[in-house]
Amino acid sequence: MGQTLSAFWDQTYFIPQPIFTGEDIPDQTGKVHIITGGYTGIGLELVKLVYPKNATIYIAGRNTEKGLKAVKAVKSEFPASKGRLEFLKLDLADLSTIKASVEEFLRKEERLDVLTNNAGIMVPRKGSKSKQGHDLQTATNIYGPFLFTSLLLPLFKRTVSLSNTGSVRVTWASSFAIEIMAPKGGVEFGDDGLVKDLAPEPSYGQSKAANVMLGVETARRWGDGGIISNVSGFFG
């Protein structure tokens, strides 16, 4: 526990200088990105780093108004960019709609270089459920991103054949919450094989632990095919 608290303190109040900044991002001309939850918070800041490098970026999320507002604001802030910025409707809490979102993207693009699974929710009201009746955090942070990523796999494979080695990747957003909220072992599974419904705080922690597991398993299954899978977050 002492080591965990020390890491939390250092990474919250004494944040070290980054070794990689926006200035280090190479030109992204011709590259296509999807950033889920890209209209607020960390997702929006990532958009602001990559768009000036001339990337084509789809800000994916469920709130159309916020998405279009972010698109307009970022374009205005970086008028010199030669990239393209669009909004993609995506509701990770409703699994029945995700295939349609993927199909909409496929109608517009023939490649996908980077998917950043950033969107998520944290500690909603107790008892909150997804459209399919799953715990809302489990659906939004685990099931939805997994389905979305899996449906995009054929396009990833196509892009690998067109790209330089190491340029096609998936990023899963994790959190220090694993250290302080997740149950022992990271994720608890029920007899049905699904992730257990827990109280809001441990449910969030295990959803972030699951993101690490998804990142590792995606790397194991897809790595030999040229798709890089990595996990962002800060850990003790």
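Throughout, read-outs are computed from the coordinates displayed, never taken from laboratory work. Every value quoted in this text rests on a predicted model; they were computed, and no experiment measured them. So basically every Cβ, Gly included, is an ideal-geometry build from the backbone, and we count neighbours across all protein chains shown.
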- Message: Just to confirm the filter: which chymotrypsin sites (Phe, Trp or Tyr not before Pro) across the stretch 17-96 are DSSP coil and have at most 16 other Cβ within 10 angstrom of their Cβ?
- Response: PHE20
- Which residue, TYR143, TYR51, TYR13, tops the fluctuation ranking in a GNM of the chain built on C-alpha contacts under 10 Å? TYR13
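Pairs LYS75/LYS131; LYS69/LYS108; LYS69/LYS196; LYS53/LYS126: which exceed 30 Å Cα-Cα?
Over 30 Å Cα-Cα: LYS75/LYS131; LYS69/LYS196; LYS53/LYS126.
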- Query: Gap in Å between the Cα centre of the stretch 66-83 and the Cα centre of the stretch 163-204?
  - Reply: 32
- Report, in degrees rounded to the nearest 10, the 0 to 90 angle that the Cα long axis of helix 2-13 makes with the longest principal axis of the chain. 40
- Note on the structure: Relative contact order of the stretch 24-81 (C-alpha contacts under 8 Å, at least 6 apart) in percent is 38
- A student applying the Cα gyration tensor rule (rounded when a/c is under 1.5; otherwise prolate if a/b is larger than b/c, oblate if not) would label the stretch 175-236 oblate
- Query: aspartates and glutamates within cross-link reach of LYS99: Cα-Cα under 12 Å, excluding same-chain residues under 8 positions apart?
  - Reply: ASP91
- Query: What does the charge count near LYS82 come to, summing +1 for each Lys or Arg and -1 for each Asp or Glu among other residues with Cβ under 14 Å from its Cβ?
  - Reply: +3
- Taking the Cα atoms of the stretch 55-116 alone, what are Rg (to one decimal) and Dmax (as a whole number) in Å? 12.4, 39
- Cα-centred dipole magnitude for the stretch 27-232, charges only on beta-carbon of K, R (+1) and D, E (-1), debye, nearest 20: 580
- Message: Please check: in the Gaussian network model of the chain (C-alpha springs, under 10 Å), which one of THR97, THR218, THR56 has the largest mean-square fluctuation.
- Response: THR97
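For a test of the definition: using alpha carbon positions, the gyration tensor, and the 1.5 limit on a/c, classify the stretch 27-232 as rounded, prolate or oblate. It would help to have the intermediate numbers written out before the result.
On the way: a/c = 1.84, a/b = 1.44, b/c = 1.28.
It comes out prolate by the Cα gyration axes.
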- Positive minus negative residues near LEU44 (Lys, Arg vs Asp, Glu; Cβ under 12 Å): +1
- Message: Could you check the spin-label model distance between PHE14 and GLU103? Points 7 Å from the Cα along Cα→Cβ, value in nm.
- Response: 5.5
